[in-house]
1. Please determine, by comparing only the residues of region 76-86 that are closer than 24 Å to Glu43 by Cα and exposed (fewer than 14 other Cβ atoms within 10 Å of the Cβ), which one is modelled with the highest pLDDT.
2. Taking region 28-49 only, how many residues are under 21 Å from Ala115 (Cβ atoms), touching a helix residue (DSSP H, G or I) at 6+ places or on another chain (Cβ under 6 Å) and without any contact (Cβ under 8 Å) to a residue 40 or more places away in the chain?
3. Among Leu105, Leu59, which is at pLDDT 85 or above, farther than 23 Å from Phe14 by Cα and of a type in the set (A, V, I, L, M)?
4. Among the candidates Ser11, Ser7, Ser66, single out the residue that is open to solvent by less than 80 Å² (accessible area, probe 1.4 Å), without any contact (Cβ under 8 Å) to a residue 12 or more places away in the chain, more than 27 Å from Gly121 (Cβ to Cβ) and outside any loop (DSSP other than H, G, I, E, B).
Amino acid sequence: MRTLDRSDLLSAAFLRWFEELANCGIVTTDTELCVRTWNPWLETQTGITATAAMGQSILTIWPSLSDRGLDRYYRDALAGEVRVLSQPLHRHLVPIRRHLPSAGLAEMAQSAGVAPLKVGGAIV
């Protein structure tokens, strides 16, 4: 049996965080903007399962991103740019099911970082 090295432990910790502990939505796409990861928070808040999201374009899942011109931020990420989107500037980013009528809120305030994932300088 092989001993886990530090990078194996780090990978395992990341996967546990992604799958169990993240208290926000995390989605990754490939360079064609097709979903490659979709965490449980997104499943709960959007009602879209990871199985249904995988392989679909993020712009197909949420066409309002294109309708509102927010797709440009994803295209900027593919060119290496980091973008931050926020509720005050962009209204809601993606439709979620959290409604807080007792607080007078129909939408939850959202912000998002849209950034490229790089390996060895190449955007993946």
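1. Within region 76-86, the match that is modelled with the highest pLDDT is Val84.
2. 3
3. Values: Leu105 fails: at pLDDT 85 or above.
Answer to the check: Leu59.
4. Being open to solvent by less than 80 Å² (accessible area, probe 1.4 Å), without any contact (Cβ under 8 Å) to a residue 12 or more places away in the chain, more than 27 Å from Gly121 (Cβ to Cβ) and outside any loop (DSSP other than H, G, I, E, B) holds for just one of Ser11, Ser7, Ser66, which is Ser66.
The values are calculated or read from the model by the stated rules, or taken from the named source; none is laboratory data. Treat the numbers as computed from the prediction; the structure is a model and nothing was measured. All Cβ positions, glycine included, derive from the backbone under ideal geometry; neighbour counts span all protein chains shown. Remember, those area values only see protein heavy atoms, side chains included, never the ligands or the DNA or RNA. Shrake-Rupley method; radii C 1.70, N 1.55, O 1.52, S 1.80 Å.
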